[in-house]
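Report on the structure given below.
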Amino acid sequence: SDSDSEEEPITEEELAKLKEEVEEKKKLIATLRNKPWKMKKKLSVLKEAQLFVEKFEGALGKGKGKKFYAYKVMMTKKWMKFQRDFENFKTACIPWEMKIKEIESHFGSSVASYFIFLRWMYGINMILFGLTFGLVMVPEALMGKPYGSLPRKTVPRAEEASAMNFATLWDFSGFAQYSVLFYGYYNNQRTIGWLKFRMPLSYFLVGVGTIGYSFMIVIRTMARNANEEGGGDDTSFNFSWKMFTSWDYLIGNPETADNKFASITTSFKEAIVEEQESRKEENIHLTRFLRVLANFLALCTLAGSGYLIFFVVRRSQKFALEGLENYGWWERNEVNMVMSLLGMFCPTLFDVISSLENYHPRIALRWQLGRIFALFLGNLYTFIIALMDEINLKAKEKIVKYNISVWEASLYNGTIPENSTAPPIHVDPADVPRGPCWETMVGQEFVRLTVSDTMTTYITILIGDFLRAVFVRFFNYCWCWDLEYGFPSYSEFDISGNVLGLIFNQGMIWMGSFYAPCLPAINVFRLHTSMYLQCWAVMCCNVPQERVFKASRSNNFYMAMLLFILFLSTLPAVYTIVSIPPSFDCGPFSGKTRMFEVISETLEHDFPSWFGKVFGYASNPGLILPFILLMVLSIYYLNATSKSYKEANLELKKKLQSVRNR
Amino acid sequence: MGNKQTIFTPEQLDAYQDCTFFTRKEILRLFYRYRDLAPQLVPLDYTDKPDVTLPYELIGSMPELKDNPFRQRIAEVFSEDGDGNMTLDDFLDMFSVLSEMAPRDLKAYYAFKIYDFNNDDYICKSDLEKTVNKLTRNELTPEEVSLVCEKVIYEADADNDGKLSLEDFQHMIVRAPDFLSTFHIRI
């Protein structure tokens, strides 16, 4: 480096010191923008430092340094912009994000959690729809035999007149029944079309695959939620961060600002509720006694309703045996009416009981959900019993088979002796007598149930929420008491009812999609319209709850219930696949003794012989039982290690806390 | 690209580039934004460093600031006279600190100043109350506001003097996951 041409010679020490000072000044120039000074001060410090450096180092190559810096900054900014745009794009791809954010800001995270759950269900149903539509309905429609070529694909002569009526189609009979929408339409040909598409195999695998996929995704989501919960749980600066980092300085739009104000207010209120709950002093004994009492009452209610349902179902079976024509309207619809009445009154009763318990609102919601869930299981039970009754048609089948042989004999009319072949007489498929097709019937029941459930929900929203809000708003002027504060006032969003409705609806879909491939499609449509209708209804007709509470960050409670329902829903389907013989003249498995035989058939025909042998060995119980034992043991082991990790985690957190507080 | 602009001398632009997080292009763009607020007041020639100050009302009406409940405090903190009337230097300073590139410590320093309504170098309970009321547009009851302020002091006051000093504030804000993304204005 050049030294100054001053009078005295510079010593080594002074040179080194000078160099150090120059380096310091250079560093100061480089970090000047990070200093919290006013611009004037920065500019003067800059000038001074630059003069100093220039004096003792000559031309720094200022030009080059600056250019490189500017280039680097420009690239960094471009990269940041790209990242930002990509994030925006990703967020834009998530449907309904803005709607849900708006609802969250006005109603709190617990109401929003229902809509997030709904959106997640929509995603799952889209995949199920893709599988059933793409691998089952479309191949049969494109490559299978067309409508009218086989008896199972044609509307019977007797029903032809009314087959196109709206009422029939709404009931999913007529042309709707004899189409790719239901199980019965599918032919049992092993391969169809020029692609040699294995239709029965595909049907079977899609049925099993939808259930497998659902299990996998529910458990994966639960695991992911559990991870998040364990992770960033730093609540030590909860209120401070809310106060100082919640306003988004990027907001430049009055509407967004309104939403943000509402959201901040709600967030503060939620945090205040949490704080008050944790501060509450409890009379432990009284609380415990009240809680035990409340649980006892709830159990009594559940037991009572369970017995009532059981009793009513038994009576209806008795009525059915004696012929329904002998009884009036009440007897015929007794089961449905009892179920609806129970569904209307019991949740309110549970609500009243829960006021005894004095729980944190989030925990109270969980108890409420659990109890209504148990109540709805009774509904499920009756529905399945009803279906099972209709499926027990073994006697009927024998009769029909006999009738068919009689009818065939009458066709030939004794003109051909038994052991000679003759040109087959052409009979219009519509005239052929049909066997009972219990799978299609089961599918129809599920579809009808889904449709009526949807209608009920929509009408309840329109009447219960919208008309009520209109009434309260406009009749308040001419009414004796204040409608808005007293009865009936505006309704609050019923989180528990809606969540359970969603979960049970999905259970129905899982149960029925094996028999009616159209169910996922109907459900996708239903969820799509539900989202819009309910978002509108919430923003338009509901008021936020008095005590908004924060939904737990993980929705594992909903997931656990969903998993349970998934398990329950797959039991009937699996049972029918394994134990009940398929109908003999409809569906892709007709002619087989059991539905799963399609697998062994495929192994025989489409795979090399050694594959079949290996499969045979693998399905030996002697191999499967040790495997199950191994899995149970590994579950136990993983559980034990995860417990120990959690404990270690807690210890570390405590240590961190004590270090910070020192 | 040559220096075709005649607003600043090349040395001025370089100096601004060194003192802010902006490139030359962005500094010029900011100048035009500043000038658009009051074209008749701001000359096109800054080479002789004219002493031009824009009143707070013009600054507060900028689209980036008009919906911010703290816009007045922001302008006051960055203005030379402390009343919100800003020169071009103050203007550049303000947006530089609030830009994406500014580091956490710098933002924390200015955030502290912004939330310190009475300028006594401490965030005391009355400052906190004002902040909460601005954030919720006075929708919380006085008891709720009081509870929130007490909780904040309890959480963040490390030296136990009943108010937040700069160190307390920085210690608390440095760990906040959202601070950098919310304390940010893009212009």
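In terms of modelled amide H atoms, which long-range or inter-chain residues lie less than 5 Å from the amide H of A:PHE197? For A:PHE197, whose amide H was placed from the backbone, the distant partners under 5 Å are A:ILE192.
Taking neighbour Cβ counts within 10 Å as the exposure measure, how do B:ASP157, B:ASP81, B:ASP48 sort from fewest upward? Show your work: numbers first, answer last.
Working: B:ASP157 18, B:ASP81 12, B:ASP48 8.
Sorted ascending by nearby Cβ count, the order is B:ASP48, B:ASP81, B:ASP157.
Residue exposure proxy: A:CYS480, A:CYS300, A:CYS346, ordered by other Cβ atoms within 10 angstrom of their Cβ from fewest to most, comes out as A:CYS480, A:CYS300, A:CYS346. Stretching A:VAL659 away from A:PHE627 to a fully extended chain increases their span by 6.7 nm, per 0.36 nm per residue minus the current alpha-carbon distance. With only the Cα atoms considered, segment B:8-96 has a convex hull volume of 89 Å³ per residue. Annotation: amide H-H contacts under 5 Å for A:SER491 (H modelled 1.01 Å from N, sequence separation of 5 or more, or interchain): A:VAL543. Computed extension length for A:GLU54-A:THR287: 76.0 nm, one decimal, from 0.36 nm per residue of separation with the Cα-Cα distance subtracted.
Kindly express, to the nearest 10 degrees and within the range 0 to 90, the angle between helix A:284-322's C-alpha long axis and the longest C-alpha principal axis of chain A. That works out to roughly 30 degrees. The long axis of helix A:97-107 is offset from the longest Cα principal axis of chain A by roughly 80 degrees.
Of the options B:TYR34, B:TYR16, B:LEU54, report the single residue whose Cα projects farthest towards the positive end of the charge dipole of segment B:8-96 (beta-carbon charges: Lys, Arg +1; Asp, Glu -1). Toward the positive end, the furthest listed residue is B:TYR34. Measuring r between the beta carbons of A:ILE94 and A:VAL400 and using R0 = 51 Å, the FRET efficiency lands at 0.45. Extending 7 Å from the Cα toward the beta-carbon at both B:GLN12 and A:MET164 defines two label points whose distance is 8.3 nm.
Taking the square roots of 5 times each eigenvalue of the Cα gyration tensor of chain B, largest first, gives ellipsoid semi-axes of 35, 18, 13 Å.
Comparing Cα centroids, segment A:553-632 and segment A:79-142 end up 31 angstrom apart. Spatially, segment B:134-187 and segment A:469-483 are offset by 42 Å when compared through their Cα centroids. Sites listed here are trypsin sites (Lys or Arg not before Pro) in segment A:185-219 whose DSSP assignment is loop and whose Cβ has at most 14 other Cβ atoms within 10 Å: A:LYS196. The string of couplings for segment B:153-168 from the Karplus curve (6.51, -1.76, 1.60, θ = phi - 60°) is 5, 4, 6, 9, 7, 8, 9, 6, 10, x, 8, 9, 8, 4, 5, 4 Hz, one whole number per residue in order, with x for Gly and Pro.
Pairs of Lys residues in chain B are counted when their Cα atoms are under 17 angstrom apart and they lie 8 or more places apart or on different chains; the count is 12. Computed on the Cα trace of chain A, the radius of gyration divided by the Kirkwood hydrodynamic radius gives Rg/Rh = 1.12. Label-to-label distance for A:LEU462 and A:ARG332 is 2.6 nm, based on points extended 7 Å past Cα in the beta-carbon direction.
Grab the Cα-Cα distance for A:HIS605 and A:ASP428, subtract it from 0.36 nm times how many residues apart they are, and report the gain in nm with one decimal. Walk me through the numbers on the way to the answer.
Details: separation 177, 0.36 × 177 = 63.72 nm, distance 3.31 nm.
Here the answer is 60.4 nm.
Legend: calculated FRET efficiency, A:LYS35 to A:ARG279, from the Cβ-Cβ distance at R0 = 56 Å, rounded to 0.05, equals 0.80.
Contact order, relative form, for segment B:8-96: 26 percent (alpha carbon pairs under 8 Å, 6 or more residues apart, mean separation divided by residue count). Seen against the Cα atoms of chain B and their longest principal axis, helix B:88-97 is set at about 50 degrees. Arranged from fewest to most other beta-carbon atoms within 10 Å of their beta carbon, A:ASP428, B:ASP18, B:ASP168 become A:ASP428, B:ASP18, B:ASP168.
Taken together, the values in this text are just the output of simple stated rules run on the coordinates, not laboratory data. This is a predicted model, so every value here is computed, not measured. Here the Cβ is made from the backbone with ideal geometry for all residues, glycine too, and neighbour counts use every protein chain on show.
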